[in-house]
């Protein structure tokens, strides 16, 4: 029997712009042994998220930065392979922030069991995981859309955006997605039931948004920032709400850039509000139950974009995200060998 | 007897940056006669407001732009000199948006009688007028400060900002003003009772704000935009509220610029909300009554910066504002000759 090795992806340097190969380093370590009250997991699926890029920067954010030399932070689905913990047994499939590595020790904090009979593991990183919960609480709690209102979503073909638009439809709103490319746009309208989709790569986002939201934008759920945010602000309806979930267009842009027309918030008597999903931890169960119900009765559709690979494929997987090459939740499935 | 003439200041061109002399034109017209249901006023005091600069631009805003060739929009205090209106008598002192001109016709809409026995006319353009009401509703309704919280105000020595800080103090908050120059800062602390004042001209606004608001900014009342807004966002406390009242640093800046660090709203779980005082018209009486009470019992102090001149001095008066040369409410008192 070959002795298993724990391959780890560590942050070697703080990237400027997109992460370069030299911003990462890989280490092989012996698989650790759980102490009393701990258990060992083997990671099977890694969640690839835009926010990861922000964790790589120094400075104040909603979580501490990943330190140079540390294993890169990542959420994942893993299987318990050894346990000295009363609540977790060998064979359990669990969700947790285990990092970009093959094995991890856990003491149970922040780890939840996932029911893979309900849906395959990657779905628990997507619609039934943090992505779905972010869509659910961000739209309903912060956006507060009312039936008949127009909800516009940037990054609409992503893991969060695709769920936001579907929930907006379920709640009787008009859902308009902004995404890159004809294929994604077709998917949003034909498969997910969005009322309209705008291909920002086709140009003149402002004119397209005006055509599709003639009465203005009541809720703008922003995953992207930049031009999309400015276009939505320019069309914000009276009392409109901008939900700040992400700014993927800005994460690799060291110069940064705020919305030049932010004073449209005054013109529209609108608001722009940020939120962090972790604050809703005590309501996750409510959110997952509702999302699972919708998923079960077909009102909500799930899509995962699963890349097969290994820990060493993580840097490329992250770049895939920033190329906008994925549709739905991007997941790196680690080979079972 | 000399026949009176109505001197008017009209917008000749849409300015780029600060308004130039050639952006204005002056016309002398015969004083008009009121029709049935109208009255004629002689304007005595013109309110000089930062927002005026925004009214000169084309494009969507909270009021239509002043048309090229039209009399420049301005609020003022005037005396009724001829009346064919049942509710307004010759000699009445009134507030209204009469424009930058010596005489104006009115039909009573948007015109209110002012009680100059309560306070001199200029105060009715300041603390007891739109400036005071903007401070009152903007801080209390949008900012919703709680006792003990830190309220930071940009443009703190201006007509709105100086009232915001005083109301914050009355409500048991810590009030920190940002203003330009030592003299203004001293006035805020020594005369108005602000807890601290930051001179942005002394440099390193971020460090000064950190020193004075070590626990973060709960409410930021923004009249200025630009660096002040970015500094406040960087220090926003958890759940902090940014009240967007103005962006005087941006009004003459065609390139514009949004807050590059707007995603601090996410980090802080904060919000940024715009408002327009006209929406509170049905609550003006409540606001004026409260402001007058505070003014009467000495909890609130008023200061007007009154320039004596004529209609033709309006362009210079407006530039005074953007030079930041005024302290308190800037008013142009038209000569009584």
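What is the P(r) of segment B:76-128, as percent of Cα-Cα pairs per 10 Å bin from 0?
25, 58, 18, 0
Rank the residues A:103, A:136 as a footprinting-exposure proxy: fewest other Cβ atoms within 10 Å of their Cβ go first.
Fewest-to-most Cβ neighbours within 10 Å comes out as A:103, A:136.
Largest first and in whole Å, give the semi-axes of segment A:149-208's equivalent ellipsoid, each being the square root of 5 times a Cα gyration tensor eigenvalue.
Semi-axes, largest first: 17, 12, 9 Å.
How large is the Kirkwood hydrodynamic radius of segment A:293-333, in angstrom, based on all distinct alpha carbon pairs?
When all Cα pairs of segment A:293-333 are included, the Kirkwood radius is 11.4 Å.
Stick to the Cα atoms of segment B:97-165, pair each with every other, and give me the Kirkwood hydrodynamic radius in Å at one decimal.
It works out to 14.1 Å.
Between copies, how far does the label point of residue A:105 sit from its twins, in nm, shortest first, when each point is 7 Å from Cα along Cα→Cβ?
Spelled out, the distances from residue A:105's label point are 8.8 nm.
What would the Debye formula give as log10 I(q)/I(0) at q = 0.13, 0.14 Å⁻¹ for the alpha-carbon point model of segment B:1-153, no solvent?
Debye intensities relative to I(0), on a log10 scale: -0.72, -0.81.
Calculate log10 I(q)/I(0) of segment A:30-115 for q = 0.22, 0.25 Å⁻¹, where I(q) comes from the Debye formula with a single equal point scatterer on each Cα and nothing for solvent.
Normalising to I(0) and taking log10 leaves -1.01, -1.18.
Find the eigenvalues of the gyration tensor of the Cα atoms of segment A:125-175, then list the square roots of 5 times those eigenvalues as equivalent ellipsoid semi-axes, largest first, in whole angstrom.
In descending order the semi-axes read 17, 11, 8 Å.
Expressed in nm², what is the orientationally averaged projection area of the convex hull enclosing the Cα positions of segment B:137-268?
That works out to 7.4 nm².
What does segment B:71-186 give for Rg and for Dmax, in Å, if only its C-alpha atoms count?
17.5, 53
Step by step: find N for segment B:189-230, compute 2.2 N^0.38 Å, then divide the Cα radius of gyration by it. What's the final number?
1.18
Measuring from a point 7 Å out along Cα→Cβ, what nm distances, shortest first, does residue B:28 have to its partners in the other copies?
9.6
What Kirkwood hydrodynamic radius do you get for segment A:34-74 when you take the inverse of the mean 1/r over all pairs of distinct Cα atoms, in Å?
12.4
Count the DSSP beta bridges whose two residues both fall in chain B, then state the antiparallel fraction as a percent rounded to the nearest 5.
DSSP beta bridges in chain B are roughly 50 percent antiparallel.
How many partner chain Cβ atoms sit within 10 Å of a residue's Cβ in peptide B:270-282, on average, as a whole number?
Mean shielding by partner chains, rounded to a whole number: 4.
Could you give the alpha-carbon Rg of segment B:1-43 over 2.2 N^0.38 Å, rounded to two decimals?
1.60
Based on the Kirkwood radius over alpha-carbon pairs, what is the Stokes-Einstein translational diffusion coefficient of segment A:216-319 at 4 °C with 1.567 mPa s viscosity, in µm²/s?
78
Nearest 0.05, what FRET efficiency do residue A:286 and residue B:20 give at R0 = 51 Å with Cβ-Cβ as r?
0.25
Quick one: with label points 7 Å out along Cα→Cβ, list the inter-copy distances for residue B:117 in nm, shortest first?
Distances to the matching label points in the other copies: 8.5 nm.
Measuring from the lowest to the highest alpha carbon on each principal axis, how far does segment B:262-337 reach, largest first, in angstroms?
56, 33, 25
Taking the DSSP beta bridges in the protein assembly as shown as the whole, what percent of them are antiparallel, to the nearest 5?
The antiparallel fraction comes to roughly 55 percent.
Just to verify a number: FRET efficiency for residue B:297 and residue B:183, C-beta to C-beta distance, R0 = 22 Å, to 0.05?
Efficiency at R0 = 22 Å is approximately 0.20.
Evaluate E = 1/(1 + (r/R0)^6) for residue B:70 and residue B:207, where r is the Cβ-Cβ distance and R0 equals 41 Å; express this FRET efficiency to the nearest 0.05.
Step by step, r from the Cβ atoms, then E = 0.35.
Return the single residue from A:82, A:286, A:67 with maximal mean-square fluctuation; model: Gaussian network over chain A, springs between Cα atoms under 10 Å.
A:286
Tell me the label-point distance for the pair residue A:28, residue A:227, using the 7 Å Cα-to-Cβ offset, in nm and rounded to one decimal.
The modelled label-to-label distance comes out at 4.6 nm.
Please compute the Cα-Cα pair-distance distribution of chain A with 20 Å bins starting at 0, giving whole percents from short to long.
Each 20 Å bin holds this share of Cα pairs: 31, 56, 12, 0.
Of the candidates B:323, B:53, B:169, which one comes out as most mobile in a Gaussian network treatment of chain B with C-alpha springs shorter than 10 Å?
Highest fluctuation of the listed residues: B:323.
Can you work out the base-10 log of I(q)/I(0) for the protein assembly as shown at q = 0.06, 0.08, 0.11 1/Å, using the Debye formula on its C-alpha atoms alone?
Log10 I(q)/I(0), no solvent term: -0.42, -0.69, -1.09.
Within 10 Å, count the other beta carbons around each residue, average over each peptide in B:174-182, A:206-214, and list them highest first.
The most tightly packed comes first, giving B:174-182, A:206-214.
Taking the axis about which chain A rotates onto chain B, which residue of A lies nearest it as judged by Cβ position, and how many whole Å separate them?
Residue and rounded Å distance to the axis: A:258, 1.
Only Cα pairs under 8 Å and at least 6 apart count here; give the relative contact order of chain B as a rounded whole percent.
It rounds to 18 percent for chain B.
Hey, what D do you get for segment B:184-261 in µm²/s if you plug the Kirkwood alpha-carbon radius into Stokes-Einstein at 4 °C and 1.567 mPa s?
Diffusion coefficient, whole number: 97 µm²/s.
Just so you know, all these numbers are worked out from the coordinates, no wet-lab data involved. Note that the coordinates shown come from a computational prediction; the quantities given were computed from them, not determined experimentally. Every residue, glycine among them, receives a Cβ derived from its backbone with ideal geometry; neighbour counts consider all protein chains shown.
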